[in-house]
Amino acid sequence: MDDQTPPNPPSPPAPAGAEAAEVAIRLRGITNRFGPQVIHEDLDLDVYRGEILGVVGASGSGKSVLLRTIIGLQQPAAGSVEIFGRDRLTLNADEEHTARRNWGVLFQDGALFSSLTVAQNIQVPLREYFDLSQDLLDQIASYKLAMVGLSPEAGPKYPSELSGGMRKRAGLARALALDPEILLLDEPTAGLDPIGAANFDQLLADLSRALELTVFLVTHDLDTLHTVCDRVAVLAERRVLAVGTLAELLQFDHPWVRDYFRGPRARAAGITIP
Ligand SMILES: Nc1ncnc2c1ncn2[C@@H]1O[C@H](COP(=O)(O)OP(=O)(O)OP(=O)(O)O)[C@@H](O)[C@H]1O
C-alpha cells in the first residue's frame, strides 16, 4: 500500500436489527492487478445472508472484477474470499465444483449461449450437476421461466428472438437453475427502458425475499439502489470506501459519494437527504 492510501474503514456493523447477522461473503485483503494497474488493494467487504447489497463506483473502479473474484473467474494477487465461512481460494477442484452450486450469476448481457434455446440454456447447469430425464429437465425449465415471469413459449426461442428485458429474465432463470443461496448480478437493468428496469427491480425484490437469497448487485441504477438494496457499498480508491444504508451514505463526506448520491439524478430517483 502506498503512503497516500488511507486505511480500510473498520468492518461495517451488521445491519440494524440483525443480531449477529451471518456473513455470506467475506472478502479480506483483496488485491487485484493487471500488470502495473492496481484495481483493488487490501479490500475488505462483508455481504450478510439475506441482504441485497448494491455495489456502485465509477466506471473502471473494479466492480465487475470484484464480482469475478468472488466467483473464481479472477484469481486475486492477495486476500481471501470466504463463502459461508469457507475460503474458496483453498478449495480443491471437487469442493470448488460443489461450492459453485451455491451461487448463480447474471452477467451484464445475460451471457446466454446463442446456439441454445432459452430452455436449453437453463438446463446447462442442471445437466452439469444432475442426471435427469429430458422430461424432468423440461419441467424444471418451465418452472424457472415462470419464476422470472416468462411464459412457457419463451422456452423454445433462441436468445436472439427475445427482447433485451426477456433476455435478462432468461439469464436470471438460468442463474437460479440450481436453487443457489447467493445471486450475483452485473448491471441487470442496463439497457432496459425505465418500465422494464422497474419491473426487473420488483422481480428481484420479490424473488430475493421468497427464496431468501443473498444478492450482490453491481449497478449504476439509482432507482435500483433506492428501491431494492438493503445496503450499498461504494468502490473507490481501490477499496470499499464506504458501505451502509443509503441514509448512512448520504451523510458520508467524500466528493464522489456526495456527487453520486446528492446529484440531480439521485434526487430524480427519490434519494433525498433525511
Ligand atoms: N481481463 C482484464 N485484463 C486487463 N485489465 C482488465 C481486465 N478486466 C478488467 N480490467 C481492467 O480493470 C479495471 C476495472 O474493470 P471493471 O470491469 O471491474 O470496472 P467496472 O467498475 O465494472 O466498470 P463499469 O462500471 O464501466 O462496468 C478497468 O480498468 C479494466 O480495464
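One table, with the values for the structure above:
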quantity: The lone exception for V55 - which of (1) hydrophobic (A, V, I, L, M, F, W, C); (2) under 30 Å from D259 (Cα atoms); (3) touching a Gly at 6+ places or on another chain (Cβ under 7 Å) it fails; calculated: (3)
quantity: Qualifying residues in segment 223-250 (those that are of a type in the set (A, V, I, L, M) and without any contact (Cβ under 8 Å) to a residue 40 or more places away in the chain) - the one farthest from the ligand (Cβ to nearest atom); calculated: A247
quantity: P159 farther than 27 Å from E51 by Cα, free of Cβ contacts under 8 Å to residues at least 60 places away in the same chain and more than 16 Å from the ligand (Cβ to nearest atom); calculated: yes
quantity: Some residue of segment 197-212 being on the phi > 0 side of the Ramachandran plot, within 16 Å of the ligand (Cβ to nearest atom) and open to solvent by 80 Å² or more (accessible area, probe 1.4 Å); calculated: no
quantity: Those residues of segment 143-180 which are out of contact with any Lys or Arg (no Cβ under 9 Å at 6 or more places or on another chain) and charged (D, E, K, R), in sequence order; calculated: E153, K157, E161, R167, K168, R169
quantity: Any hit, segment 241-248, residues being assigned to a helix (DSSP H, G or I) and touching a helix residue (DSSP H, G or I) at 6+ places or on another chain (Cβ under 6 Å); calculated: no
quantity: Segment 9-35, subset open to solvent by 40 Å² or more (accessible area, probe 1.4 Å) and within 11 Å of the ligand (Cβ to nearest atom), residue modelled with the lowest pLDDT; calculated: G35
quantity: Flag if T272 is open to solvent by 60 Å² or more (accessible area, probe 1.4 Å) and either assigned to a loop (DSSP other than H, G, I, E, B) or out of contact with any Gly (no Cβ under 8 Å at 6 or more places or on another chain) (or both); calculated: yes
quantity: Residue pairs meeting the criteria (Cβ under 7 Å; at least 6 apart or on separate chains; first under 29 Å from A236 (Cα atoms), in segment 197-222; second among the polar types (S, T, N, Q) and surrounded by 19 or more Cβ atoms within 10 Å (Cβ to Cβ)); calculated: A197/T189; F200/T189; D201/T189; D201/T224; V215/S208; T219/T189; D221/T189
quantity: Residue count, segment 209-232 (criterion: of a type outside the set (V, I, T) and either within 12 Å of the chain's Cα centre (by Cα) or assigned to a loop (DSSP other than H, G, I, E, B) (or both)); calculated: 9
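Results for (1) under 17 Å from the mean Cα position of the chain (by Cα); (2) at negative phi, shown as yes or no for each residue.
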residue	(1), (2)
A24	yes, yes
G35	no, no
G50	yes, no
A58	yes, yes
L73	yes, yes
E82	yes, yes
R101	yes, yes
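The values are calculated or read from the model by the stated rules, or taken from the named source; none is laboratory data. Computed from a prediction, not measured in an experiment: that's the story for all the values here. Note: ideal-geometry Cβ built from the backbone for every residue, glycine included; neighbour counts use all protein chains shown. These accessible areas exclude ligands, DNA and RNA; they are computed on the full protein's heavy atoms, side chains included. Shrake-Rupley method; radii C 1.70, N 1.55, O 1.52, S 1.80 Å.
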